[in-house]
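The values are calculated or read from the model by the stated rules, or taken from the named source; none is laboratory data. These figures come from a predicted structure and were not determined experimentally. Neighbour counts run over all protein chains shown; Cβ positions are idealised from the backbone, glycine included.
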Amino acid sequence: MAARKFFVGGNWKCNGTGEDVKKIVTVLNEAEVPSEDVVEVVVSPPFVFLPQVKGLLRPDFSVAAQNCWVRKGGAFTGEISAEMLVNLQVPWVILGHSERRALMGESSDFVADKIAYALSQGIKVIACIGETLEQREAGTTMEVVAAQTKAIAEKISDWTNVVLAYEPVWAIGTGKVATPAQAQEVHDGLRKWLVTNVSPAVAESTRIIYRGSVNGANCKELAAKPDVDGFLVGGASLKPEFVDIIKSAT
Ligand code: PEP
């Protein structure tokens, strides 16, 4: 089995001041964590702090933007283009986060277009998918995540620079976490979907990470599941316990 390097992302969302950012980066820079051969760490501050964080952050960690525009920049007030991220040497972007899907009305097709465009510009993508509570209760979890993944698969051919981030939307910021068995079940289903609908090689090499109220206490058990290749962490990525989550890679 080809090894998939463990991936830990920290999504700081719309939080913090310049001072907070300095404090978080100091904690990260002083932390003893497994080497970058073992774990890839990517933190995602708000846009305005990206250059500051990039400048201060230890060289073995990298940064992600939390969004970018769907195509080349221009007259799109308030948007940030993929070209701008390239210009700032921001290597990663989070796209399709459930908060953007729900609050900004981003459809699966729009998210897939964004993913395709960001990849075409050489930016690596943390692509978010996941079901709502109603969908889970209706028994349609796999159908929903397969449809979201299909929208992406129809628009990209190279998965090398994609990390698939599965989130039960009901577990985002709520303190409710999918059990390790629930996470494994969906990750396994997604990998099988990739085998059938993309290719066995892509299924084998693509990292499928879990998100939704991951913290220092629950990360180890989740990380032990064979198809959980890491995490995207929201709330806990602003706290020192993010270091414990990085350490769950080993
Ligand atoms: C997220 O929004 O990506 C996330 C995982 O948030 P939290 O960890 O706070 O649930």
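At a glance:
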read-out	value
V63 being under 17 Å from F6 (Cα atoms), touching a helix residue (DSSP H, G or I) at 6+ places or on another chain (Cβ under 6 Å) and assigned to a strand (DSSP E or B)	yes
Residue satisfying condition, being more than 14 Å from the chain's Cα centre (by Cα), within 15 Å of the ligand (Cβ to nearest atom) and of a type in the set (F, W, Y), within set W159, W170, W193	W170
Failed item, numbered, when T179 is tested on (1) within 16 Å of the ligand (Cβ to nearest atom); (2) in contact (Cβ under 8 Å) with a residue 12 or more places away in the chain; (3) farther than 18 Å from G10 by Cα	(2)
Pick from segment 226-247, criterion more than 11 Å from the ligand (Cβ to nearest atom) and in contact with an Asp or Glu (Cβ under 9 Å, 6 or more places away or on another chain), ranking: nearest to A165 (Cα to Cα)	G230
Test set (1) assigned to a loop (DSSP other than H, G, I, E, B); (2) within 16 Å of the ligand (Cβ to nearest atom); (3) of a type in the set (A, V, I, L, M); (4) under 20 Å from W92 (Cβ atoms) - I126 fails condition number	(1)
Failed item, numbered, when L103 is tested on (1) within 14 Å of the ligand (Cβ to nearest atom); (2) touching a residue at least 24 places away in the same chain (Cβ under 8 Å)	(2)
Unique match (being touching a helix residue (DSSP H, G or I) at 6+ places or on another chain (Cβ under 9 Å), part of a loop (DSSP other than H, G, I, E, B) and under 18 Å from S98 (Cβ atoms)) among G173, G216	G173
Given (1) buried (at least 17 other Cβ atoms within 10 Å of the Cβ); (2) at pLDDT below 95, index of the condition T179 fails	(1)
